[in-house]
Structure formats: C-alpha cells, structure tokens
Amino acid sequence: MKDFKIGLSTVFLDWDDETEVATQQLKVQWEFQFVAWTTMFALMSALAHGATLLWWDKYTSDLAIGLNRFRWWEYAVSSSLMICLICMLFGVYDIFSLIFIAAINAAMNLFGDIHELMNAGK
C-alpha cells in the first residue's frame with residue numbers, strides 16, 4: 001500500500017509541420033507518492049500546533065478579541081492538500097487543475113481570516 005502512486009499529467013500541444021495540424025499530447029509529468037503526502041497532512045497540523053505554542057502570547061491576545069489567525073493559515077495549507085488528495089482519488093490528475101483547486105481553497109480560507117480581522121472585537 002505504501003507504494004501507491006498516482007500519475008499526475010498535463011496536456012501539451014504538439015504541432016506537426018507536415019500536416020499543419022496541432023494535436024494534444026497527454027504526458028505524465030510526475031508520479032505522486034500518495035501515502036507519503038497523506039502523512040504530510042498530519043505533519044502540517046502538528047507544525048501549526050507547534051507554531052501556536054511558539055507564539056502563545058500572540059495567539060491568546062488574538063483570541064481575547066475574537067481572532068484565530070493561526071487556524072485560518074493552517075487550514076489554508078492543510079485543507080488545500082487534503083482537497084487535492086480527495087480530487088486525485090476521484091480522478092483529477094491534471095497538475096494545473098490541482099494547483100488551481102489548491103489556490104482557490106487557500107483563498108477561501110484566507111478570506112475567513114480577513115472576515116475575522118474586519119469583525120474583531122465586534
């Protein structure tokens with residue numbers, strides 16, 4: 001099970017000079033070590049909890065006014081990885097699609113941070 005890999009691919013445009021026709025070529029760019037990256041999710045959470053301990057005074061002062069910025073930044077990273085892993089299990093193998101899914105998910109979480117900042121103490 002630890003050798004479970006998913007081939008991540010992308011499409012390249014290939015021009016044929018003889019026929020003057022462009023064709024699309026699907027190429028696997030990277031063999032994704034699925035199990036290794038799944039364990040990265042737990043490591044990310046552990047590192048985020050460690051960061052909370054390192055900056056405990058900032059964390060508790062933010063909590064006093066209704067902010068939890070550490071949560072939003074940790075979610076932006078870890079949940080983006082998790083949603084990409086789920087997408088790969090359901091057949092999304094295109095590298096650029098996965099990058100955009102991760103970026104949109106991270107943006108959604110960071111908008112939560114902005115929302116809390118704008119409403120802190122209210």
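Can you tell me how many residues in the stretch 93-122 are in contact (Cβ under 8 Å) with a residue 40 or more places away in the chain, open to solvent by 50 Å² or more (accessible area, probe 1.4 Å) and at negative phi?
5
Can you pull out every residue in the stretch 12-36 that is part of a strand (DSSP E or B) and over 19 Å from F90 (Cβ atoms)?
Within the stretch 12-36, F12, L13, D14, W15, D16, V21, A22, T23, Q24, Q25, K27, Q29 meet the criteria.
Tell me which residues, restricted to the stretch 95-122, are touching a strand residue (DSSP E or B) at 6+ places or on another chain (Cβ under 8 Å) and closer than 16 Å to F34 by Cβ.
I95, L98, listed by residue number.
Where the second residue is of a type outside the set (S, T, Y) and open to solvent by 50 Å² or more (accessible area, probe 1.4 Å) and the first is under 14 Å from L117 (Cβ atoms) and in a loop (DSSP other than H, G, I, E, B) and lies in the stretch 52-75, which pairs have Cβ atoms under 9 Å and are six or more apart or on separate chains?
I65/G121; G66/N119; G66/G121; G66/K122; L67/L117; L67/G121
Can you pull out every residue in the stretch 76-122 that is hydroxyl-bearing (S, T, Y) and in a helix (DSSP H, G or I)?
Of the stretch 76-122, the ones hydroxyl-bearing (S, T, Y) are 78-80, 93, 97.
Once the filter is applied, which keeps residues that are hydroxyl-bearing (S, T, Y) and in a helix (DSSP H, G or I), the stretch 76-122 yields S78, S79, S80, S97.
The values are calculated or read from the model by the stated rules, or taken from the named source; none is laboratory data. Here the structure is a predicted model, which is why all the values come from computation and not from measurement. Backbone-built Cβ (ideal geometry, glycine too); neighbour counts: all protein chains shown. Heads up: the accessible areas ignore ligands, DNA and RNA and are worked out on the full protein's heavy atoms, side chains in. Shrake-Rupley method; radii C 1.70, N 1.55, O 1.52, S 1.80 Å.
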